[in-house]
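Chemist: First the structure, which I've put down as structure tokens, then a few questions once you've had a look.
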Amino acid sequence: MDIIIAPHVDEIIRALGTTGITVNQATIKEELTRLLEFKVPVEEAKRSLLKKYGNIDLPSVKKLSELGTGERNIEVTARILEINTKVVGIKGQERTIFMGTMVDETGARSFTAWDDFGLEKGDVVKVINAYIRMWQGMPEINFGARSKVEKLDSTALEPLLSKDLESPVLLAELKEGEPAVHTVVKIMESHNKDINTKNGPRTIITGIAVDSTAKLPFTSWVLSPELRTGNTVEIKNAYMRSWQGIPTINMGEFTSISHSKTPIDDSDIARVMDPIPISLDKITDRDGAFDVSIEGNIISVRPGSGLITRCPECNRVIQKNICRVHGLIEGRNDMRIKSILDDGTGALTVVLDADLTRKVTGYSIEKASEVAAVNKNPSAVEEKIRNKLMGQSMRLRGNMTKGEYGITLVASDAEFTEIDHTATAADLVKEIEGAGNHSPRPGDGSLW
């Protein structure tokens, strides 16, 4: 025990000494030993003693896959895979921040650096006193003026590469933050896109990839000639990162992209590209879903539906022409529907924009404004929408995301459907009979 805890005791004594505090070594050894005997993790035990005797908070050392929203004073070591700049407005002033992706051996996570730490793509860094917040439904690493960023030798963290013997993973199985992704897909759309990065303008490739189980957007930070529409490619050493809540395949300098000799069945691709409604219990356990079709009944129309006002600068919904970012501003009218859809296996929030609101209710922004003016109350539009939609069966298509407010599908299309009660009853009978065929029966030697 003495050999095991001696270095930790010395570390605590040194840390306390930097603040001018002297504590008897035997006391630290005795208390640390007691904490370890009670199965307290050694790092937590050290933090506890430093807090007790010196009011010192040691950072919690974490792997990227272990990070959770709300954590503070975190230490991570990771490689910068990408970094870009963005100008944001904070308290009425413009500020340049640095956003990107970092990866370790357990996963990939997005980050925001609120100060310029001179980070470059490929750098291996140790970030001390970072904090985690939710961004687009996923934990994001944040660090700024109170953080310390130390650049390490590039060999301190080996590039995480797919194993040659690993079988390709299906798109439906990929999760946010997954590193070293190995998959085979067909490129359905591919476009060059010009963006601004920390080092100036850059061209990337964006598009949509599909296999027999799902389709996902992709971003390639390298201009690979293989990423042409119609090509079937094998991708190794990609990583997953959410963009606007949707899991996205990202490819960088460590990624291998080659022509695949294994074709994907055209009938499977056609089914995925034009999806039939899927039950909610099949998708709500995913981090997100791209271009899915669902069907169910509207059981609630939420407050904030109908006629709304948005900030013309940032598009946020505002009240009384006051934006929390841009202050007093003349807003613009818009329409939306926020509702809850239930299909019997689950429920989620569905959001329809102005065009889809007009399609399913007949209310344009102009018509809704007239109704609000006549009733001298904008909520009159919300009530009319509620009366029209409540209990209706609808089929919707769009992107599903998970976030701090739950599961949401932002619709790209919507329509009313008629419930075929006869077919529904027949399907239920088949399901019951199918379950019954696997049940023990009298006389077969098993219990009834």
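Chemist: Rank-order 376-382, 334-340 by packing density, defined as the average count of other C-beta atoms within 10 Å over each peptide's residues, highest first.
Modeler: The densest-packed peptide leads the list: 334-340, 376-382.
Chemist: Per the helix-only calculation at 222 nm, which mean residue ellipticity applies to the chain, given -39500 (n - 2.57) for every DSSP H run of n ≥ 4 and division by its residues, nearest 500 deg cm²/dmol?
Modeler: Only helices count here, giving -6500 deg cm²/dmol.
Chemist: What's the extension gain from Arg228 to Gln392 if we count 0.36 nm per residue and subtract their Cα-Cα distance?
Modeler: That pair, Arg228 and Gln392, stretches by 54.8 nm at full extension.
Chemist: Here is a further query. Round to a whole angstrom and tell me the spacing of the C-alpha centers of the range 204-264 and the range 299-363.
Modeler: Computed from Cα coordinates, the inter-centre distance equals 33 Å.
Chemist: Under a point spin-label approximation (7 Å from Cα along Cα-to-Cβ), what is the Glu370-Asn129 distance to one decimal in nm?
Modeler: Simple spin-label model gives 6.1 nm for this pair.
Chemist: Under the 0.36 nm per residue contour assumption, what length would be gained going from the current alpha-carbon distance of Val42 and Lys91 to full extension?
Modeler: Contour length minus the Cα-Cα distance gives 13.4 nm.
Chemist: How long, wide and thick is the range 196-305, going by the Cα atoms along their three principal axes, in whole angstroms, largest first?
Modeler: 48, 39, 21
Chemist: Which value results when the Cα radius of gyration for the range 99-245 is divided by 2.2 N^0.38 Å?
Modeler: 1.12
Chemist: Let me ask something else about it. Can you give the FRET efficiency to the nearest 0.05 for Glu105 and Arg302, using r as the Cβ-Cβ distance and R₀ = 41 Å?
Modeler: Between Glu105 and Arg302 the formula returns 0.45.
Chemist: Moving on to the next point. Using the heavy atoms of the protein chains and a 1.4 angstrom probe, tell me the accessible area per residue for the chain in square angstrom.
Modeler: Normalised by residue count, the accessible surface of the chain is 55 Å².
Chemist: Would you work out the Kirkwood radius for the chain? I mean one over the mean of 1/r across all pairs of different Cα atoms, in Å.
Modeler: 26.1 Å
Chemist: Another question about this same structure. Assign unit charges at the C-beta atoms only (+1 for Lys and Arg, -1 for Asp and Glu), then state the dipole size of the chain relative to its Cα centre in Debye, rounded to the nearest 20.
Modeler: 1620 debye
Chemist: Note down, for the range 63-147, the three equivalent ellipsoid semi-axes (square root of 5 times each alpha carbon gyration tensor eigenvalue), biggest first, whole angstrom.
Modeler: Result for the range 63-147: semi-axes of 20, 15, 12 Å.
Chemist: Let me ask something else. Shape verdict for the range 73-119, please, from the Cα gyration tensor: rounded (a/c under 1.5), prolate (a/b greater than b/c) or oblate.
Modeler: In terms of gyration-tensor shape, prolate.
Chemist: Something else now. Which residue, chosen from Gly327, Trp221, Val127, occupies the Cα position most advanced towards the positive end of the dipole of the chain, where the dipole is computed from +1 (Lys, Arg) and -1 (Asp, Glu) charges on Cβ about the Cα centre?
Modeler: Checked the options; the winner is Gly327.
Chemist: Now, a different point. Of all accessible surface on the range 288-406 at a 1.4 Å probe, what whole percent is carbon and sulfur?
Modeler: That share works out to 45 percent.
Chemist: Using the structure shown, select from Lys121/Lys148; Lys282/Lys430; Lys359/Lys384; Lys367/Lys402 the pairs with a Cα to Cα distance greater than 22 angstrom.
Modeler: Long pairs (Cα-Cα over 22 Å): Lys367/Lys402.
Chemist: Here's another thing I want to ask about it. Take every Cα pair under 8 Å in the chain that's 6+ residues apart, average their separations, divide by the length, and report that relative contact order as a whole percent.
Modeler: Over the chain, the number comes to 9 percent.
The values are calculated or read from the model by the stated rules, or taken from the named source; none is laboratory data. Keep in mind that this is a model prediction, so the values were computed, not measured. Heads up, the Cβs are rebuilt from the backbone with ideal geometry, glycines too, and the neighbour counts pull from every protein chain shown. Each accessible area value is taken on the protein alone, full model and side chains, heavy atoms only, with ligands, DNA and RNA left out. Shrake-Rupley method; radii C 1.70, N 1.55, O 1.52, S 1.80 Å.
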